[in-house]
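Here's the structure, in structure tokens; my notes come after.
The values are calculated or read from the model by the stated rules, or taken from the named source; none is laboratory data. Owing to the predicted nature of the structure, the values given are computational and were not obtained by experimental measurement. Cβ placement follows ideal geometry from the backbone for every residue including glycine, while neighbour counts extend to all protein chains displayed. To get the accessible areas, we keep the full protein, side chains included, count just its heavy atoms, and leave off ligands, DNA and RNA. Shrake-Rupley method; radii C 1.70, N 1.55, O 1.52, S 1.80 Å.
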Amino acid sequence: MTLIDHLHLREPVEALKAKVVPRHGTSMWYYLGGLALFFFLVQIVTGLLLLFYYQPTPEAAHKSVEWITTKVPFGAVIRSVHSWSSNALIAVVLIHMFSTFFMRSYRSPRAILWVTGIILFVLILGFGFTGYLLPWDLTAYFATRIGTEVPKAVPVFGSWIVSMLRGSNAVTGATLSRLFALHVGVLPLFAFVFVTAHVIMTALFGSAIPIGRSAKAETRFIPQYILGEAVLWLIGLAVLLAVAVLFPWQLGPAYDLTKPVEPPAGVHPEWYFMFLYQTLKYIPEWAAVTFYTIVLIFWAVVPWLDRKARREQKSLLFRWIGILAIAGMAGLTTLAYISVAQEQGTAALEQTTTAHGSTDTTQPK
Amino acid sequence: MFDHLPTKRRNILRALVAGALTAFVAPFAYAIGKFLSFQGTIGGSNTAKLSAADLTPDSPSKLVEIEGEPVIVVREADNSIRAFTATCTHLGCIVSYRPQMPGFYCKCHGGKYDVNGINVPGTRPPSPLTELVVNEQADDLTVSLTPKAKSLS
């Protein structure tokens with residue numbers, strides 16, 4: 001009797017050994033889900049390590065991050081990997097989501113699998129938002145001020161949501177405590193549950209073959225598929241480490257609550273929130289919140305709306321919806337970056353003119 | 001994975017895989033070990049400053065903190081000012097100064113030290129408290145964690 005038999009795991013292990021993955025022209029997209037899992041695991045490991053030194057108070061937060069990056073051995077790499085990996089995770093999840101969409105992998109019996117994926121997408125954005133404040137630097141502070149202001153526009157519950165997020169009227173130490181609790185407690189708990197569900201369902205249902213394609217062959221899950229995934233993980237790790245070491249994630253100047261200052265020129269959120277940031281320039285907050293809530297709900301129930309996919313037919317409509325979604329996000333993001341660059345340009349110009357215009361201008365730090 | 005191979009080749013391949021995995025994991029384990037075993041506190045001061053006037057015959061001792069360590073500064077009967085580590089050498093409680101004893105007393109397990117910080121035989125502490133250097137500039141006292149050289153005894 002082996003350990004497997006003692007644990008009554010013989011059946012699932014045999015099933016896993018017998019598992020095959022269909023091979024066809026677009027089966028390389030299957031590997032992205034696994035890559036997302038890899039970056040998620042990197043976040044857990046590096047996040048837990050940072051937790052040993054990070055201190056979530058307005059007085060100590062910035063100092064402790066500085067301490068991690070300057071004093072603690074390997075602290076700079078670990079913090080840099082955590083930040084870069086969060087971006088990699090969001091990027092991979094985005095590509096994974098859209099590739100799944102265009103392959104119509106959400107169709108029955110994988111509708112719930114798709115929904116868990118959307119929930120994970122929202123949770124990951126939540127991680128990004130809550131984690132952003134934690135170093136308590138200038139941009140983090142202003143991004144959080146603005147970010148926690150947006151939900152105010154939600155009908156009826158708006159100000160309640162804001163007060164729940166902030167824990168006080170403004171962004172203060174109470175907000176830091178709350179976002180920290182969400183970042184390291186609440187969100188990981190939900191993420192763990194949904195990642196587990198997502199992976200188990202993928203294992204049970206197997207990978208969907210895109211409509212109109214037929215599997216040319218099959219890849220055995222163990223060992224071929226796993227080894228292929230391992231190669232991708234190693235590439236991911238190598239790139240992550242290289243980027244983290246060569247381009248250390250920056251830490252801006254600390255924000256002192258007792259000495260309010262202006263935001264830096266062109267203050268803006270991370271790239272994955274830029275489309276939202278740009279939208280808020282065009283339409284009022286309530287409209288943006290309502291619009292994106294509807295989009296999100298629509299996106300989550302796509303498996304039930306795309307009736308053609310359920311009959312194994314390609315729907316031209318849903319292909320265009322997907323293309324529109326990508327084009328919309330990409331377009332808004334580009335516009336947002338252009339406006340940020342312009343704002344920084346104007347600010348730089350203003351600074352030089354003031355410097356020339358008056359003699360007593362102190363040197364910018 | 002190598003079940004289809006002859007035993008000898010299988011064992012060699014398995015050893016190679018195990019070796020490669022160890023070589024892969026080792027640097028990460030090393031880095032994480034180094035990261036976690038770091039010691040230090042953020043912004044901890046390595047000296048404590050106090051005024052000699054704070055040590056009166058009524059309250060001849062004061063507890064101060066240096067790098068997270070409790071330190072007891074006392075004005076002894078002969079009016080000399082001395083500082084000792086306040087951590088009881090028995091189980092790490094914080095000792096207090098008792099002029100009537102005279103000496104240091106630990107409330108946790110009844111440990112006793114004399115005025116020189118030497119553990120009283122028959123009580124629990126196994127070793128003396130460490131006397132620290134006190135820098136006196138008029139009324140200002142600066143204490144650091146530097147042990148005072150044992151010249152007097």
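Number of residues in the range B:106-125 that are open to solvent by 70 Å² or more (accessible area, probe 1.4 Å) and over 19 Å from B:E69 (Cβ atoms) equals 7.
Listed conditions (1) farther than 30 Å from A:T258 by Cβ; (2) part of a helix (DSSP H, G or I); (3) open to solvent by 20 Å² or more (accessible area, probe 1.4 Å) are all met by A:P73, apart from (2). Taking the criterion of being touching a residue at least 24 places away in the same chain (Cβ under 8 Å), out of contact with any strand residue (DSSP E or B) (no Cβ under 8 Å at 6 or more places or on another chain) and either open to solvent by less than 50 Å² (accessible area, probe 1.4 Å) or over 25 Å from A:G75 (Cβ atoms) (or both), the residues of the range A:241-270 that qualify are A:V243, A:A244, A:L257, A:V261, A:P263, A:P264, A:A265, A:G266, A:V267, A:H268, A:P269, A:E270.
Taken together, the residues in the range B:47-56 that are free of Cβ contacts under 8 Å to residues at least 24 places away in the same chain and not in a helix (DSSP H, G or I) amount to 1. Working only within the range A:273-323, note down all residues that are acidic (D, E), surrounded by 15 or more Cβ atoms within 10 Å (Cβ to Cβ) and more than 18 Å from A:A153 (Cα to Cα). Once the filter is applied, which keeps residues that are acidic (D, E), surrounded by 15 or more Cβ atoms within 10 Å (Cβ to Cβ) and more than 18 Å from A:A153 (Cα to Cα), the range A:273-323 yields only A:D306. With respect to B:S127, is the statement that it is outside any strand (DSSP E or B) and under 21 Å from the mean Cα position of the chain (by Cα) true? Judged against the criteria, B:S127 is a match.
Table: residues versus (1) within 12 Å of chain A (Cβ to nearest Cβ); (2) in contact (Cβ under 8 Å) with a residue 40 or more places away in the chain; (3) under 26 Å from A:L240 (Cα atoms).
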| residue | (1), (2), (3) |
| --- | --- |
| B:R14 | no, no, no |
| B:G19 | no, no, yes |
| B:T22 | no, no, yes |
| B:Q39 | yes, no, no |
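The set of residues in the range A:255-267 being under 20 Å from A:G128 (Cα atoms) and modelled with pLDDT of 85 or more consists of A:Y255 alone.
Quick grid of which residues meet (1) in a helix (DSSP H, G or I); (2) free of Cβ contacts under 8 Å to residues at least 24 places away in the same chain:
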| position | (1), (2) |
| --- | --- |
| A:F127 | yes, no |
| A:Y132 | yes, no |
| A:Y141 | yes, no |
| A:R145 | yes, no |
| A:K152 | yes, no |
| A:V156 | no, yes |
| A:M164 | yes, yes |
| A:V171 | no, no |
| A:T175 | yes, no |
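Flag not set for A:A36, criterion: open to solvent by 20 Å² or more (accessible area, probe 1.4 Å), away from chain B (no Cβ under 13 Å) and part of a helix (DSSP H, G or I).
As for the range A:124-141, it holds no residue that is more than 30 Å from A:L316 (Cβ to Cβ), within 14 Å of chain B (Cβ to nearest Cβ), under 21 Å from the mean Cα position of the chain (by Cα) and polar (S, T, N, Q).
If only residues of the range B:20-46 that are in a loop (DSSP other than H, G, I, E, B) and polar (S, T, N, Q) are counted, the one that is most open to solvent (accessible area, probe 1.4 Å) is B:Q39. Every condition in (1) polar (S, T, N, Q); (2) open to solvent by 50 Å² or more (accessible area, probe 1.4 Å); (3) part of a loop (DSSP other than H, G, I, E, B); (4) touching a residue at least 12 places away in the same chain (Cβ under 8 Å) is met by A:S207 except one, and the failing one is (2). If you go through the range A:44-68 and pick out every residue that is open to solvent by less than 60 Å² (accessible area, probe 1.4 Å) and more than 23 Å from the chain's Cα centre (by Cα), you end up with 7.
Scanning the range A:222-240 for residues that are touching a helix residue (DSSP H, G or I) at 6+ places or on another chain (Cβ under 7 Å), within 13 Å of another protein chain (Cβ to nearest Cβ) and surrounded by 15 or more Cβ atoms within 10 Å (Cβ to Cβ) yields A:W233, A:L240. Filtered by the rule that a residue be open to solvent by 40 Å² or more (accessible area, probe 1.4 Å), modelled with pLDDT under 90 and not aliphatic (A, V, I, L, M), the range A:153-167 gives A:P155, A:F157, A:S159.
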